[in-house]
1. Check segment B:275-286 and report whether any residue there is more than 42 Å from the chain's Cα centre (by Cα) and among the aliphatic types (A, V, I, L, M).
2. Scan segment B:215-247 for residues that are of a type in the set (Lys, Arg) and either crowded, with 18+ Cβ neighbours inside 10 Å or within 14 Å of another protein chain (Cβ to nearest Cβ) (or both) and jot them down.
3. When both residues are 6+ apart or on different chains and their Cβ atoms are under 7 Å apart, which pairs have a first residue that lies in segment B:286-304 and is at positive phi, and a second that is buried (at least 21 other Cβ atoms within 10 Å of the Cβ) and among the aromatic types (Phe, Trp, Tyr)?
4. In this structure, does B:Val448 turn out to be closer than 22 Å to B:Thr389 by Cα, outside any strand (DSSP E or B) and touching a Phe, Trp or Tyr at 6+ places or on another chain (Cβ under 6 Å)?
5. Anything in segment B:589-602 that is touching a Pro at 6+ places or on another chain (Cβ under 8 Å) and either over 13 Å from B:Ala545 (Cβ atoms) or in the same structural domain as B:Asp506 (by TED's automatic domain parsing) (or both)? List them, or say none.
6. Are any residues in segment B:291-332 of a type in the set (Gly, Ala, Ser), within 11 Å of chain A (Cβ to nearest Cβ) and surrounded by fewer than 24 Cβ atoms within 10 Å (Cβ to Cβ), and if so, which ones?
7. Any residue at all in segment B:490-506 that's on the phi < 0 side of the Ramachandran plot, free of Cβ contacts under 8 Å to residues at least 40 places away in the same chain and of a type in the set (Gly, Ala, Ser)?
8. Looking at B:Gly518, is it in contact with a Lys or Arg (Cβ under 9 Å, 6 or more places away or on another chain) and surrounded by fewer than 24 Cβ atoms within 10 Å (Cβ to Cβ)?
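The values are calculated or read from the model by the stated rules, or taken from the named source; none is laboratory data. In this text, all values refer to a predicted model and were calculated from it rather than measured experimentally. Cβ: placed from backbone, ideal geometry, glycine included. Neighbour counts: every protein chain shown.
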Amino acid sequence: MSSFFPGGAQDIVGNTARKLVPVAPDKSGNPTSAPDSADSKARTPLSLVVTVPRRNWKPLIVLVLLLASAALAAVLVMSVSLSQGQYKLVDLKTAQSNLEKSNQALELDLSAQRAPQSLVSRATGMGMVPAASTGQIDVRSQKVSGNPLPATLDTKGLVSIPAADVNKSKDQAGASPLSPAAKDSGGTTAPGQSTPGKEMAPIVPAAPEPAAPDLNGGTIPAPAQKGS
Amino acid sequence: MAHNSPHTAQGAAARLADKIGRGRMRIGFTLMLVFLLVIAGKLVMIQGLDVGNMAEAAETQRTVVQKLPAVRGKIVDSNGHVLAESIIRYDITVSQINSALYPQYKHRDAISGDVESFTREQGLMKLATVLGLPFEQVKANATGEKAFNYIVRDVSPAMESQVAALGVPGIYSEPQTKRVYPMGSVGGPIVGFLGSDGKGLAGIEQTFNEKLTGTDGSRTYQAGKNGIIIPTAPVKTVPSVDGASVTLTINQDIQYYAQQAAQQQKEQYSAQWVSITVLESKTGKLAAVADSDSYNPNDPGASATKDIGSRTVSSIVEPGSTDKTITASAVMAEGLATPLSQFLVPPTLSIDGQTFSDAFVHGTEKRTLAGIISDSMNTGTVLAGSKLTPEQRYNWFHKFGVGQKTGIELPGESPGILAPWQKWDGRQQYTVLFGQGVAQTPLQTAFVFQTVANNGTRLKPQIVDSFTAADGSVEKVQQAAGIEVLDNKTAQDMRDMLEGVVTMADYKVVNVPGYRVGGKTGTAEAPADNGVGFDGYTSSFIGMAPMEDPQYVVAITVQRPQGSIYGVTQGYTFNQVMGQVLRTFDVPPSTTPSVMLPKFYE
């Protein structure tokens, strides 16, 4: 309190109000003390006390809570979606590997189908024979060189080499005597086929692949892919 | 304080109660503090100091290291047709114990969504139907006390997914990597096969095992109990690097045709074996290396051990008259003769106490060198070749690659046998001139003719065209610089003489319509396998076309044909194979007339 009245504090005791000399406030706004003069009847000055406005915390708290819950929710959503994504990723990876496998099987089948042995055996099956003689046509001179003759049915090709049966299972080798490893009537002794050499049947196209979506006897529907 | 007023007594009680209360609070506080300290201490121990490596143990438990296997590279032919590749196949397995646990089971149909109940018998029946096996066999495999047994091994992924869709309890599948060879025995001895450990045991699979094998990768991740990756945990992936694919120079169609022809010849003459080599003369690239009885790499165990490997590179034979090409070239290159040099050839030739005769009876003839070669006269060849010193003869054979490995990237190559000239005996020094007393692989002999076809430059046989790394980068195999054996003029003269063999022979067998061809027959006695004397013959024909600019060389070797050797000819087979080669590679027909060097002089 004394700091308020740096000059005349000694005269003021307790809460007794005394005549105050009107003073002009100094530049800092505090009334400067005036010398204790005779004008003691002066009125106690009143001043307007400005109340400090009380802050309203409610919206802030609500905001913070909202933000916090929103953040939590966001984290939760992110976490859930990440996990979800992981599950989806696993599913997609499975689907991918399944597709790769079936693609691989199809490509293998294609390679086996376009192996020369398979082509030859299918051509033979269609009744095609190799050309007995060949000739060349010179387009510029329009001349035919060589000695081309029409092929005849009895034209014999070279001995055929058995096709590889790449889809044969190990334990099935003995169980499926209908394996297409065919040998022509020339009776090649080419090795590498575990099928019994007794069959002299005409050449059959290679490898009946069980991938065809048949119903396996009408009981089991054959799904194309493993369910992902 | 003398008087205890009620006020003061009350105060004391309160103070006491206060004291007790405070004491209790203190005790409680202390207890809590101790408790907290213990917890905090434990926390610091576990989290901060990690006594007992709990964190590590937990991480180890969560961490899964997955091997990412590298896929072995493919082997493809010059047109990209697959000769060898690795695929996924499945073993269908059973836990007999688990199978017995479910005499009845429910299965939800994936399409209709109905849940149906089946007995174990029904399940196994369906399995047998899908697998195409007898039900009894499947049931026998699935019944017993074993925790693991095979139902069937090596089925396709398509079949495996059908099996999985059945949902039969106790039936499982295991993926396996399998090496398959879609062409089977076509090119089998070149491609080779793998052992059970996945390493190449023969052919290209063996020689380029390093390149074909990739580097396995790994993936380290943390997974929950359900095996799903914990998304926020770190994942470390070391990608696998697949093996490089090897592109061969082999042409699948030519290989097939040559192999057919070899098999045909073998059967026709009941020969021991037949080898046919097709090569591109200007590059040394092999278009086909065909052996009779080529094994099927899908099942190498089914073939005889002697048929494993390529005879073209590993078997040595006495080449016989085809080596007269070396002698004639040498004589011309040394400036000792020209194709029209004159030799008075007696019916039998005696030189240094050694007597040589020919396959046909003749009187004393006035032959040109071309005439000697065209009728494959031993007498005349010795007469001409004896102008060379034995050392020169050796050097020329050496220059043509006899007695050295060609360096082809196939296992088991034989260098052949060319004894140093100092060790030649009185007869051998002359017999080498017509290809006896010297042993070559069919491949070496083919490259003697490649040298002549390629203007005298001998190249290394090339069987690998390029490597394609997993990232798609292609590494072409560079052909090494050839060895200059003959000058252009000598090579041209030699080619004219080889054409003369075809055009001037009395019995014209070799004929590829539309093309000028040249070549040389060879017949030699085959040394017996026990090393004593000879048994049987080696019959061969090596030719090239088109003669104005030879592009391809086809070499046929037939070992020990049965029956009269005079009835054996490789001419027709050569015509077929060479015709096929020229047509396949679109070689334009010859437009220039054939060279016909006179066989006799006046």
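1. Scanning segment B:275-286, I find no residue that is more than 42 Å from the chain's Cα centre (by Cα) and among the aliphatic types (A, V, I, L, M), so the answer is no.
2. Result: B:Arg219, B:Lys225.
3. Correct list of pairs: B:Asp293/B:Trp273.
4. yes
5. The one that is touching a Pro at 6+ places or on another chain (Cβ under 8 Å) and either over 13 Å from B:Ala545 (Cβ atoms) or in the same structural domain as B:Asp506 (by TED's automatic domain parsing) (or both): B:Leu597.
6. Result: B:Gly301, B:Ala302, B:Ser303, B:Ala304.
7. The answer is no, given that none of the residues of segment B:490-506 is on the phi < 0 side of the Ramachandran plot, free of Cβ contacts under 8 Å to residues at least 40 places away in the same chain and of a type in the set (Gly, Ala, Ser).
8. no
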